Amino acid sequence: MRISYRSCRKRGCFTVYEQTGLLDFCCEDLRREWGILIGFGIKGHPRTSSRHVNIFGLHQFSTGSIIPVITDIRYCPWCGEEIEVVRVK
């Protein structure tokens, strides 16, 4: 899989990342789960502080609180192909 992104400086001293262009999927399973179980950055945010492809999840505590979690990955969980994240200037 190949995904391109660009970065921009926001006010202050942090950088945000945004996916650009079309995606080149490695398999149909990844295409089907893109934006639902797996995606660039943080689910539901077009610009994020994460420039990785992540698996999205929820973690429930015994108190009933639920927090979103992300786990960065480097290889497709279905076919094993490397995920290439390329910066576009």
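The values are calculated or read from the model by the stated rules, or taken from the named source; none is laboratory data. Owing to the predicted nature of the structure, the values given are computational and were not obtained by experimental measurement. All Cβ positions, glycine included, derive from the backbone under ideal geometry; neighbour counts span all protein chains shown.
Applying the set (1) on the phi > 0 side of the Ramachandran plot; (2) at pLDDT 90 or above to Cys26 leaves exactly one unmet item: (1). Taken across the stretch 12-24, residues that are crowded, with 17+ Cβ neighbours inside 10 Å and of a type in the set (Phe, Trp, Tyr) do occur, with at least one present. Scanning the stretch 14-32 for residues that are touching a residue at least 24 places away in the same chain (Cβ under 8 Å) and not β-branched (Val, Ile, Thr) returns Phe14, Tyr17, Glu18, Gln19, Gly21, Phe25, Cys26, Cys27, Asp29, Leu30.
Residue-level check: of (1) on the phi < 0 side of the Ramachandran plot; (2) at pLDDT 95 or above, Arg51 misses just (2). Restricting Arg9, Arg87, Arg74, Arg31 to residues that are touching an Asp or Glu at 6+ places or on another chain (Cβ under 9 Å) and either surrounded by 10 or more Cβ atoms within 10 Å (Cβ to Cβ) or at pLDDT below 95 (or both) narrows the list to Arg74. Residues of the stretch 41-70 that are of a type outside the set (A, V, I, L, M), surrounded by 11 or more Cβ atoms within 10 Å (Cβ to Cβ) and part of a strand (DSSP E or B): Arg47, Thr48, Asn54, Phe56, Gly57, Pro68.
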